[in-house]
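What follows is a single structure, written as structure tokens, with notes after it.
The values are calculated or read from the model by the stated rules, or taken from the named source; none is laboratory data. What you see is a predicted model, and the numbers here were worked out from it, not measured in a lab. Ideal geometry is used to build each Cβ from the backbone, glycine not excepted, and the neighbour counts take in all protein chains shown. Quick note on the areas: whole protein, heavy atoms, side chains included, nothing else; ligands and nucleic acids left out. Shrake-Rupley method; radii C 1.70, N 1.55, O 1.52, S 1.80 Å.
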Amino acid sequence: MVKIYLVRHGKATAGWGMEKDPGLDDLGRAQAKAAALTLAPLGPLSIITSPLTRTRETSRPLAEIWDIEPQIEKRVGEIRFPSGSQSSRVQWLQSIMGDKWSNLDPDLKVWRRQVIVALCSCQADCVVFSHFIAINAAVGHATGDDHVVSFRPDNCSITIMETNGNSLLLIERGVEAVTEVR
């Protein structure tokens with residue numbers, strides 16, 4: 001079994017509805033350093049990150065400790081927002097967070113499946129830096145929970161999963177927190 005350390009990005013400079021691709025704020029950078037120190041003794045392992053700025057910045061301290069270059073993997077990126085205005089993003093996300101995957105549009109089901117396939121395709125132990133809904137997609141799949149949100153990973157929490165290449169197994173949920181969509 002391949003072990004996957006799934007890390008939610010650190011606290012961003014702007015909320016999901018305010019800016020499309022914010023970086024980390026001071027607290028987020030401190031969270032990223034703390035996560036790197038927690039993970040450092042495990043490696044070096046491969047580092048995989050979503051292409052978004054906040055995940056790349058969260059992966060940077062660990063990549064520097066291990067002196068490796070993270071691999072960018074768009075399939076572990078943020079959930080796909082349907083076309084519309086930036087201001088409608090928060091309302092849309094809030095509406096799906098209380099729903100079940102089985103009730104959502106086919107394109108969102110495809111996005112979820114891509115997250116799962118990306119994680120199942122990991123060939124060796126690795127650290128994956130990703131996002132709230134993507135982590136929920138993986139955990140829900142592993143536990144058989146169809147809810148879009150089955151737990152609330154805090155910024156820089158580390159969720160541990162395993163894969164045999166075909167399925168995901170949840171080993172340990174990361175630290176949870178109250179997350180506001182703003």
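At a glance:
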read-out: Qualifying position, being in a helix (DSSP H, G or I) and farther than 15 Å from ARG8 by Cα, among LEU93, LEU119, LEU62; value: LEU93
read-out: Test: VAL149 is in a helix (DSSP H, G or I) and touching a residue at least 24 places away in the same chain (Cβ under 8 Å); value: no
read-out: Residue match in the stretch 135-144 (condition: in contact with a helix residue (DSSP H, G or I) (Cβ under 6 Å, 6 or more places away or on another chain), on the phi < 0 side of the Ramachandran plot, outside any loop (DSSP other than H, G, I, E, B) and of a type outside the set (A, V, I, L, M, F, W, C)); value: yes
read-out: Restricting the stretch 34-54 to residues that are hydroxyl-bearing (Ser, Thr, Tyr) and touching a helix residue (DSSP H, G or I) at 6+ places or on another chain (Cβ under 8 Å), the residue that is surrounded by the most Cβ atoms within 10 Å (Cβ to Cβ); value: THR49
read-out: The lone exception for PRO51 - which of (1) in a helix (DSSP H, G or I); (2) touching a Lys or Arg at 6+ places or on another chain (Cβ under 8 Å); (3) at pLDDT 95 or above it fails; value: (1)
read-out: Single condition GLY77 does not satisfy, out of (1) small (Gly, Ala, Ser); (2) in contact (Cβ under 8 Å) with a residue 40 or more places away in the chain; (3) open to solvent by 50 Å² or more (accessible area, probe 1.4 Å); value: (3)
read-out: Residues of the stretch 15-33 satisfying the condition of being over 17 Å from the mean Cα position of the chain (by Cα), surrounded by fewer than 16 Cβ atoms within 10 Å (Cβ to Cβ) and not charged (D, E, K, R); value: MET18, LEU27, ALA30
read-out: GLN91 vs. criteria open to solvent by 70 Å² or more (accessible area, probe 1.4 Å) and over 25 Å from LEU27 (Cβ atoms); value: yes
